[in-house]
Every structure is written in structure tokens, then in C-alpha cells.
Amino acid sequence: MPTDWGSLLIQLFSGLSRAMMLFLVSSGLSLIFGVMNILNFAHATLWLLGGYITFSIYTLLAGYYGVSILLLAPAVVAATLALFAIGWAIERTLVRRMYGRELPEQLLLTFALILIIGDLIRLFWGVQNLRIVLPIEPMPVLGSFVNPYLFFIIAVGLIVAGLLWWFLARTRTGKIVRAAVYSRDMVSALGIRIPNIYALVFALGVAIAAFSAGVFLPIIPIGLGMDMDLIVQCFAVVVIGGFGSIVGTFVASLLVGIVYSFSILIWPDGALAIIFVILVAVLIWRPWGLFGTEMRF
Amino acid sequence: MSGPLEVENLHAFYGTSHVLFGINLTVHPGECVCLLGRNGVGKTTTMRSIMGLVPARDGRITYDGRNLSGLPPHEIARSGIGFAPDARLIFPDLSVRDNLEIAIKPPLASGTLPWTLERIYKLFPILKPLEANAGGYLSGGEQQMLTVGRALMGNPTLLLLDEPVEGLAPVVVQELTQQIIELKNTGISILFAEQNLSFATQVADRAYIIEGGRVRFDGRLEDLERQPEIKAKYLMI
């Protein structure tokens with residue numbers, strides 16, 4: 001096990017950037033469950049679709065203008081908007097039929113989405129892993145080299161987390177979303193058009209996930225099956241943090257991201273197992289998660 | 001002035017059990033009507049059915065000439081009905097002010113004086129100093145006032161109050177009674193559910209006694225006073 005400060009620091013940064021991705025994907029998952037009581041198993045598959053769309057738009061742009069990190073920005077924005085629209089459409093046509101249904105029915109629908117979207121990806125992009133290669137010089141930090149793009153990811157993750165917090169804490173729509181986490185019936189009885197809130201929450205959650213997939217393309221190649229690894233970890237994050245709590249999701253993302261990153265250093269095969277040991281411990285100690293509240297309807 | 005609320009032959013289920021067996025009731029504009037009855041006789045289910053939160057299996061609910069049957073709760077609220085549930089359902093992590101502001105909805109009729117934060121704080125002065133506090137940290141009485149205030153922010157013409165004084169200390173009940181009388185004097189129609197006869201006689205013009213999901217008495221509260229056998233049979237005295 002390497003113990004020099006440099007490699008510990010690298011592990012910390014890679015853990016933090018991983019935490020940002022976990023947060024951006026899990027926050028939507030948590031909000032969707034908090035507001036609509038829907039477990040969206042296809043959440044990470046939509047994340048993956050966002051990554052593929054970003055890749056294609058970037059490749060198209062790079063074909064015209066040459067390889068540049070700046071071209072990633074319009075590609076990410078376009079894919080985020082595309083997934084917002086796709087998320088809205090999926091909620092309006094399919095997910096809304098699941099409200100109030102039992103978990104197995106929700107699982108059937110969202111699992112079907114995983115298979116359908118997975119096959120569409122296979123059809124359009126093939127089975128090979130894709131990545132965006134950008135000429136980024138590693139930066140020396142305490143005798144080791146760190147990819148400076150990790151700092152960018154951490155900063156962007158914090159900014160989006162801040163924007164999401166601002167939306168939920170300061171805007172009227174955000175306050176309605178928080179109220180709906182507590183009682184959908186009451187929000188509806190106030191005359192607020194709750195179906196629009198549902199569509200917005202679903203679309204926003206999916207869009208934020210797609211955004212993170214695009215931002216991560218320069219450091220991790222995307223491929224089929226990655227959605228399954230991610231969704232499992234995101235469920236762990238959301239359960240640890242408490243369903244419906246954004247602060248809880250943020251703290252749990254940091255915890256899971258950093259613990260995972262250091263576990264890889266110490267015991268690579270057991271990294272995921274350690275996450276689940278934490279999960280079980282939290283469930284025994286606080287079944288509603290670190291920052292969650294006991295459920296109400 | 002809006003039209004009456006009319007409930008005809010309302011049947012409703014709670015899960016698989018039949019709770020309401022053909023409720024009929026009317027609330028005329030500007031009237032304050034009470035649903036009296038013990039716990040579990042169907043008062044809350046009647047309120048929730050009117051609000052669209054419990055689906056009616058049979059029957060017809062109209063308000064102001066509009067058929068409400070089958071409409072989602074937000075449409076029912078938009079036809080001028082405000083709801084203060086017995087569980088209160090104050091949004092706990094929103095401030096008192098946010099709880100009120102989230103509920104803002106313009107009045108249906110132009111020319112009506114809309115409810116504002118100032119008017120709510122004037123009616124319930126206790127809420128003003130608490131406006132930045134989280135809704136989850138209020139006392140029962142404060143929560144109840146906030147629940148009524150939140151319903152008023154939507155500028156309803158009919159207010160449904162489900163057991164507004166349940167579980168409150170006697171002083172608070174007195175305060176709230178005065179406030180509801182004040183509210184009644186603004187001309188708003190009120191339908192409230194209650195177990196407590198003394199509170200009901202102070203504010204209501206008319207009462208329906210409900211028992212076993214059916215209306216057992218319909219009339220003025222003075223008439224009820226003259227029928228002790230009905231009081232003894234259907235109410236907790």
C-alpha cells in the first residue's frame with residue numbers, strides 16, 4: 001500500500017470528483033423518490049444516454065473545429081437539454097402511470113426502460129467503450145501528478161450543487177418541490193398543478209445526471225453496463241443520505257466517493273463491499289438515513 | 001357572491017371499507033355549517049372527498065355551478081375551495097412565511113380584497129413574529145392558525161376546516177373561535193368538522209350530524225338543543 005502524501009492526495013481528489021458525479025446523479029434519484037415515491041431504476045441508464053449524446057455532439061463539433069476542451073461545453077449543454085426533454089416526455093407518457101402503484105410495477109417499467117435504452121445505445125453507438133481524449137497536461141502535486149481536469153470537475157460539481165440548493169431554497173418552484181416531498185396531497189389541495197411539478201422534477205433530475213455524464217467523458221470512457229454499477233452506488237448514496245434530502249445526498253456522496261477511492265488503494269476488490277457495510281450500519285442506526293425524515297404521504 | 005356547495009348521495013371508500021353511505025349536504029354562500037359527529041364516522045372522508053383527495057364512488061359534488069366529481073384536487077382548489085386538514089400538514093422545513101406564500105392564488109372574482117401576508121398576520125398576530133421560523137417548530141395552536149392562513153392565501157370562497165380546535169389548549173380554542181367568527185364575518189362560506197358541540201354552537205349557523213357514514217340530523221343548532229336524545233345518541237356529551 002502506497003503511503004506517500006502525493007498518492008494519498010491524488011486519491012482524495014479522485015474521490016472528491018467521484019463524489020461530485022455520485023451527487024449529481026443521486027440528487028435527481030433522491031428528489032424523484034422524495035416527491036413522487038418512484039424508484040427510478042433507469043436513472044443511471046438515462047445518465048449513460050446523456051454521455052453518449054454528449055460524445056456524439058462533441059465528436060461532430062471536433063470534426064469541424066478540431067480537438068478542444070472548449071467544444072465540450074456546448075456538447076454538454078445540448079445533451080443536458082436533450083435529456084431534460086426526454087425526461088419530461090418519459091414522465092408524461094410512462095412514469096405518471098406508476099404513481100401510487102406498488103414497487104414491483106415500478107420496477108417492471110423502469111427495468112424495461114433500462115433494456116430499451118440500452119438496446120438503443122447498442123444500435124446507435126455500438127458496444128465499444130467511447131471516450132473523449134483531450135490533451136490535458138498532468139499537474140505536479142507533492143511529487144505526484146494529478147490530472148487538473150479533476151479540479152474542474154470538483155468545481156463544476158460544487159457549482160451545480162449550489163445552484164440546485166438555490167433552486168430548492170430560494171425559488172417558489174423549489175419550495176413547492178420541498179413541500180411536495182412532505183405532502184403531495186396538501187400541495188395539490190392548495191391549487192398547485194402537481195402534474196407539472198412531477199414532470200419538472202423528473203426532467204431536472206435526468207438532465208443533471210446527463211450533465212455529469214458529459215462532464216466526466218474526458219476522464220472515464222463510457223460503455224454499456226456502466227449504468228448498472230452506477231445505479232447501485234447511487235442507491236447506496238441516497239439511502240445513506242436519506243431519501244428526499246439534498247443535503248443528505250451531498251454528504252453521503254462525499255462519504256461514499258472518498259471512502260470508495262481510498263478503499264481502492266487498500267483493498268481494491270472490497271471497495272464496493274465497504275460502501276455497503278456503511279450502508280448497513282446507517283440503516284441499523286438511522287433507518288431513514290443520515291438527513292432523512294420518517295416517511296409521510 | 002359564489003353559488004352553493006352541494007353534495008348529493010356521496011359514497012366513498014377508505015381502502016376497501018365503505019365509509020360514506022350517501023351523504024347529502026348543502027352549504028349556501030356565506031353560511032357556516034358544521035359536520036358534527038364522533039371520531040371515525042366519516043367527517044374527514046367527507047371533507048377529503050369534496051377536495052378530491054378521496055375518490056367518490058358514487059354521487060355528485062357541485063360548487064358554484066361546477067361539477068367537481070372526478071376533478072383532481074388542484075382543479076377543485078382552483079374553483080374556490082380552501083382546505084385546512086385535521087393533520088394540518090404544515091410543510092415542516094419551509095418557514096411560516098414560505099408556507100403562506102407558496103399557497104398564493106389570485107381571487108376568482110375581480111374586486112374581492114385579496115388575502116395578503118399582512119391580512120393573515122392581522123387575523124393571527126401570533127404568526128407575525130414567527131414568520132422566519134420553520135413550520136415544523138410551531139406549537140399546535142400556531143400550526144392550526146398557519147393551516148387556516150395558508151388556506152386563505154388561495155383566496156377561497158369556501159373554506160373546509162377539519163377539526164380546527166382538536167387537541168388545542170382551552171385558551172387557544174377561545175382565541176381561534178374568535179378568529180373563525182371574524183373570518184365568518186368577512187362573508188366567506190365555511191364547512192367545518194367538529195366533535196366539540198360547544199365550539200360548534202359558537203360559530204355554526206347550521207349542523208349536520210353524521211354517524212356511520214350517514215346524515216342523522218340536519219338543522220339549526222338551536223333545534224338540536226331541543227333534542228337531547230339525538231345529542232345523547234350521536235355525540236359525545
Who wins for biggest fluctuation among B:112, B:44, B:26 in a Gaussian network model of chain B, springs between alpha carbons below 10 Å? B:112
Given a 10 angstrom Cα cut-off, can you work out which residue in B:158, B:127, B:168 is the most mobile in a GNM of chain B? B:168
Under a GNM of chain B (C-alpha, springs under 10 Å), which listed residue has the highest mean-square fluctuation: B:126, B:209, B:81? B:126
Any idea how far apart residue B:122 and residue B:11 come out in nm if each label point goes 7 Å out from Cα toward Cβ? 4.8
Give me the Debye-computed log₁₀ of I(q)/I(0) at q = 0.18, 0.20, 0.22 Å⁻¹ for the range A:1-135, equal point scatterers on Cα only, no solvent, two decimals. -1.10, -1.22, -1.33
Which of rounded, prolate, oblate describes the range A:194-297, given a ≥ b ≥ c as roots of the alpha-carbon gyration tensor eigenvalues and a/c under 1.5 marking rounded, otherwise prolate only if a/b is larger than b/c? oblate
Over all distinct alpha-carbon pairs, what is the Kirkwood Rh of the protein assembly as shown in angstrom? 25.9
Where does the range A:26-222 land on Rg(C-alpha)/(2.2 N^0.38 Å)? 1.13
If one takes the longest principal axis of the Cα atoms in chain A, at what angle in degrees, from 0 to 90 and to the nearest 10, does the Cα axis of helix A:271-285 lie? 30
Scattering from the C-alpha atoms of the range A:1-81 alone, worked out with Debye: what is log10 I(q)/I(0) at q = 0.11, 0.14, 0.15, 0.22 1/Å? -0.48, -0.70, -0.76, -0.99
Please list, or write none, the lysines whose alpha carbon is within less than 30 Å of the alpha carbon of residue B:184, excluding same-chain residues fewer than 8 places away. B:43, B:105, B:122, B:128, B:231, B:233
Label points 7 Å out from Cα along the Cβ direction at residue A:108 and residue B:232: separation in nm? 5.7
Mean shadow area (nm²) of the C-alpha convex hull around chain B is 12.2
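Only the coordinates and a few stated rules stand behind these numbers; no lab work does. Given the structure is predicted, the values throughout are model-derived calculations rather than measurements. Cβ sites come from the backbone with ideal geometry, for glycine too, and all protein chains shown count toward neighbours.
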